[in-house]
Amino acid sequence: MTAALQALNDELTGLIRRVLPSTVTIEGYSKDLSENSQGSGWIYAPGLVVTNHHVIDGMANPVTVSPVGRAGITGDVIGSDPENDIAVIRVEGLDGQPLQLEPEPPRLGELCVAIGSPHSYRESASLGIISGLSRQIRLADGTVIEEMIQTDASVNPGNSGGPLVNIHGRIVGMNSMGPAETVNMAVPAETLGAVVPELVSHGSVLRASIGISIAVIEHPVDLGLQRAISVRKVKDADQSPLERGDILLQINGRQLRRRIDVIRALGRETVDQRVTVLIERNGESRTVEVLAKAKTSSRG
């Protein structure tokens with residue numbers, strides 16, 4: 001048993017030692033210079049740091065980015081997506097090994113490590129497990145963020161924006177916040193992989209909307225699916241071919257099981273285009289066409 005514990009100890013310390021140099025502390029003053037705040041971030045690519053939108057929201061630009069063991073460097077916020085609580089900072093002269101996103105979805109019970117600067121204590125790490133999937137949180141401004149990962153790894157003020165990594169040192173999520181102690185949330189790697197390239201290229205996320213709000217149904221009866229997307233509300237019900245209660249199966253041939261699938265199916269390229277939507281209504285499948293309109297990333 002002692003040998004097994006020693007092996008686990010060595011693995012964990014080695015993991016943290018490898019990941020720490022790829023993390024940063026982010027600091028900035030409010031736009032009226034009345035107060036200072038901070039958070040964490042991680043190296044996405046040479047010269048690029050990813051953090052939470054709520055970390056930089058309200059900060060005057062530029063901000064200060066401090067790599068491990070180095071003095072602060074000036075960084076410019078080049079893109080932000082409030083809907084997914086993601087922001088990107090460009091930092092000239094920033095080196096360090098970029099962290100990789102885990103391509104496979106996390107599993108319940110999987111070990112994970114949260115790294116960041118809680119309460120200004122830099123280079124801090126906490127151990128936990130993936131304790132929930134597809135969670136929802138509401139930010140202080142009312143923004144609802146979907147498909148979050150729940151972990152019991154300790155996440156405190158200042159941890160936000162730091163990486164949540166698995167035993168391989170790959171990012172399974174980005175620490176965000178939680179409603180209670182040991183109930184903490186992280187933006188999943190899959191969402192990061194979809195949103196960050198958009199922010200790097202365009203500074204914002206341009207999404208299309210087909211005029212509906214949706215709900216995720218777990219284990220829907222009679223559909224034989226683990227989860228499905230249901231139409232909860234139709235904006236222009238008298239003009240739209242979609243109806244409340246429709247089950248969305250595909251958009252332009254893309255299978256829909258989660259909200260992130262809808263986001264990806266209604267990307268920048270579909271704006272002002274008619275999209276083909278496969279739905280199930282009253283037990284029957286049918287195809288309808290809907291005009292997708294622009295919906296820029298915005299708060300609320």
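Each value in this text was obtained by applying a stated rule to the coordinates, not by laboratory testing. Since the structure is predicted, the reported quantities are computational estimates derived from the model, not experimental observations. When we count neighbours, we look across all protein chains shown, and the Cβ atoms used for this are built from the backbone with ideal geometry, even at glycine.
Listed values, structure above:
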{"item": "Most mobile listed residue (Gly116, Gly75, Gly245) in the chain, GNM with C-alpha springs under 10 Å", "result": "Gly245"}
{"item": "Nonlocal amide H pairs with Lys295, under 5 Å, H built at 1.01 Å", "result": "Arg207, Ala208, Ser209"}
{"item": "Whichever aspartates and glutamates have a C-alpha closer than 16 Å to that of Lys233, once near sequence neighbours (fewer than 8 apart) are set aside", "result": "Glu243, Asp246, Glu280"}
{"item": "Within a Gaussian network of the chain (alpha carbon springs, distance under 10 Å), most fluctuating of Glu146, Glu218, Glu190", "result": "Glu218"}
{"item": "Calculated [θ] (222 nm, deg cm²/dmol) that DSSP helices of n ≥ 4 give over the chain, each run adding -39,500 (n - 2.57)", "result": "-4500 deg cm²/dmol"}
{"item": "Whole-Hz couplings from phi, Karplus 6.51/-1.76/1.60, listed for region 243-257; x for Gly and Pro", "result": "10, 4, x, 4, 9, 7, 9, 8, 10, 6, x, 7, 5, 10, 10"}
{"item": "Cross-link partners of Lys295 among lysines (Cα-Cα below 16 Å; sequence separation of 8 or more within a chain)", "result": "Lys235"}
{"item": "Among Leu33, Leu111, Leu199, residue whose mean-square fluctuation peaks in a GNM of the chain (springs only between Cα atoms under 10 Å)", "result": "Leu33"}
{"item": "Amide H contacts of Leu164 (H built 1.01 Å from N, under 5 Å, at least 5 apart or other chain)", "result": "Val172, Gly173, Met174, Asn175"}
{"item": "Within region 111-199: Cβ-based charge dipole about Cα centre, in debye rounded to nearest 20 (Lys, Arg +1; Asp, Glu -1)", "result": "160"}
